[in-house]
Ligand code: PGA
């Protein structure tokens, strides 16, 4: 049986009260999903509330590259390790609004690995780069830069999310055959940089306007092991629908 991972990235939406109502509702929407690991990545302030439910894996949306010190407003890997399993690294919104360079993303990825967190590294091209035919090159360059500090052993739990920036929160969909060459390049780049075993162990997710209706089409793409969901994860009903679609796809 195949196994998929479905990650909900709430971004900066839903406070603790809304989070409590959400998880209560989600419980009724996703009862049985043995073939799907479900991860919720809410804002930091919701982690305790969402964590109490017990039936979901928890993720953070960001971490500091440094483990401790005078960094006002930051949250470190060792702190997160006490409450979450997963952490999103290098999301395009962090690259854009918080000026995270490839180098910073590489340092954060190393911090996640060093602290035993499961990293979800995000890579993706913008519309201009896609239209110029540079999608694969841009994504491969981001990947190589992010992996600069890691050995093959460090890749053991790595997830890489291919998220074309032009398909994030825009309602504009990437066709599965537009996703195929990029995720294939991600897999083969890891194989070339490390080895086949390392590449086989890395889980590749797709993200960008994924909903319950199209999740299955992305999960069919070779090398795709799951989805990273933004907008549609904010509603327990639609997120539950994606989890069910993944479960159905896994057993089909
Ligand atoms: P979206 O966001 O599903 O709203 O496009 C995906 C993401 O940013 O992870």
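None of the figures in this text is laboratory data; all of them are computed from the coordinates on show. Predicted model only: the values in this text are computed from it and were never measured. Neighbour counts run over all protein chains shown; Cβ positions are idealised from the backbone, glycine included.
With the Kirkwood sum run over all distinct C-alpha pairs, region 85-165 has a hydrodynamic radius of 12.7 Å. Diffusion coefficient of region 1-157 by Stokes-Einstein, Kirkwood radius over Cα pairs, 10 °C, 1.306 mPa s: 95 µm²/s. Computed extension length for residue 82-residue 144: 19.4 nm, one decimal, from 0.36 nm per residue of separation with the Cα-Cα distance subtracted.
Taking R0 as 41 Å, what's the FRET efficiency between residue 136 and residue 71 from their Cβ-Cβ distance, rounded to 0.05?
0.70
For region 153-213, the share of alpha carbon pairs falling in successive 5 Å distance bins from zero is 4, 18, 26, 20, 14, 11, 6, 1 percent. Distance from the Cα centroid of region 1-29 to that of region 173-207 is 26 Å (rounded to whole angstrom). Here the translational diffusion coefficient of region 1-45 follows from Stokes-Einstein with Rh set to the Kirkwood radius across Cα pairs; for 20 °C and 1.002 mPa s it amounts to 183 µm²/s. Under a Gaussian network description of the chain, with springs only between Cα atoms under 10 Å, the residue in 123, 229, 50 that fluctuates furthest is 50.
For the chain, what's the relative contact order in percent, using C-alpha pairs closer than 8 Å and at least 6 residues apart?
The value is 23 percent.
The label point for residue 52 and the one for residue 178, both projected 7 Å from the Cα toward the Cβ, are 4.2 nm apart. Can you tell me how region 56-109 classifies by the Cα gyration tensor, rounded, prolate or oblate, using a/c under 1.5 as the rounded cut? The shape class here is oblate. Calculated translational diffusion coefficient of region 176-252 (10 °C, 1.306 mPa s; Stokes-Einstein with Kirkwood radius over alpha-carbon pairs) equals 121 µm²/s. Using a/c under 1.5 as the rounded threshold, could you call region 123-252 rounded, prolate or oblate? The axes a ≥ b ≥ c are square roots of the C-alpha gyration tensor eigenvalues, and prolate needs a/b larger than b/c, oblate otherwise. It comes out oblate by the Cα gyration axes.
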